[in-house]
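K.L.:
Sharing a structure, written as structure tokens. Questions coming.
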Amino acid sequence: MRPVEAARAVELAGPLGELLPPVDFCCAYGSTLLHARPDAASMVDYILGVSDPLQWHSENLERNPTHYSGWMARLGGSAITRLADNVGVGVYFNPFVEWRDKRIKYGVVRMKDLAMDVLTWDRFYLSGRLQKPVNLLVDNWDISKVNTINLKMATSASLLLLPADFTEYDLYAQICSLSYMGDLRMLFAEDKNKVKKIVEGSFQSFQLMYRPLIQEYIAEGLLRTSSCGQQKAFQQVLISLCSCIQFFESVKCLTSH
């Protein structure tokens with residue numbers, strides 16, 4: 001997760017103050033944010049974490065009934081919450097919401113479910129999203145600190161999947177790919193170059209997120225640095241054994257929380 005420069009943060013947080021009920025966590029993400037001057041017609045995506053989804057949806061239905069499909073608006077907050085809890089990944093999305101001259105999509109999740117997925121990969125949906133750069137706008141539960149465990153797990157898992165020699169780009173591409181493994185959309189609807197675009201568009205943000213962990217692996221003797229043209233490159237030491245040990249130590253760390 002990355003902090004956002006002040007002017008951009010004010011712009012991205014606009015819907016929180018003007019449109020939606022209060023939240024405990026909010027991050028903005030999506031391909032729109034990879035560009036310095038995004039297309040006005042592009043959609044900005046938000047994940048909203050709330051303590052009580054039933055209360056939040058009930059209040060939001062009073063404020064913004066048109067954000068919901070007609071039949072969900074009629075069924076009310078209780079049905080919306082049950083649907084999110086029992087179908088899919090625990091997140092209820094309202095897409096194609098018009099706000100000012102922009103379109104936004106927001107997904108609402110219970111804070112406990114968000115923390116559980118980040119810590120244990122329970123559903124590996126939000127945890128996968130937070131392994132990639134996002135713009136952090138609200139973080140009342142210090143999810144950004146909890147997410148360091150998620151990042152270490154992603155690094156360890158990616159090392160298991162990479163060859164002995166790899167570049168920094170290869171590592172970030174593998175991390176980015178984790179959440180798309182088994183996703184049928186990648187076979188049909190999704191852009192086949194999605195991972196490449198995400199990594200190339202957010203390379204410096206990936207570095208800010210993962211370089212401390214890379215340095216930790218180097219200090220522990222699990223990686224050696226090398227070079228590959230202008231790119232930083234690495235060599236795994238005792239690749240399978242050490243990566244497995246790191247991965248399961250991360251799992252042990254998760255379960256002790």
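The values are calculated or read from the model by the stated rules, or taken from the named source; none is laboratory data. This one's a predicted model, so the numbers in the text were calculated from it and none came from an experiment. Positions of Cβ are generated from backbone atoms using ideal geometry, with glycine treated the same way; all protein chains shown enter the neighbour counts.
K.L.:
Taking the range 47-72 only, how many residues are assigned to a helix (DSSP H, G or I) and surrounded by 15 or more Cβ atoms within 10 Å (Cβ to Cβ)?
P.N.:
10
K.L.:
Take the residues of the range 39-80 that are β-branched (Val, Ile, Thr) and modelled with pLDDT of 95 or more: which is farthest from the chain's Cα centre (by Cα)?
P.N.:
The selected residue is Thr66.
K.L.:
Also, quick follow-up: For the range 93-199, which fully contained strands (runs of 3 or more DSSP E) count at least 2 residues that are under 16 Å from Gly49 (Cα atoms)?
P.N.:
So the answer is 102-110, 135-139.
K.L.:
A further question follows. Cβ contacts < 7 Å: first residue under 19 Å from Tyr29 (Cα atoms), restricted to the range 104-126; second residue aromatic (Phe, Trp, Tyr) and in a helix (DSSP H, G or I), any location; separation 6+ or different chain. Result?
P.N.:
Listed pairs, sorted by first residue: Val108/Trp56.
K.L.:
For the range 115-138, give me the residue count where each residue is within 24 Å of Lys197 (Cβ to Cβ) and of a type in the set (Gly, Ala, Ser). Talk me through it step by step, then tell me what you get.
P.N.:
Restricting attention to the range 115-138, the residues satisfying the condition of being within 24 Å of Lys197 (Cβ to Cβ) are 124-137.
Going one step further and asking which of them are of a type in the set (Gly, Ala, Ser), we end up with 127-128.
Count: 2.
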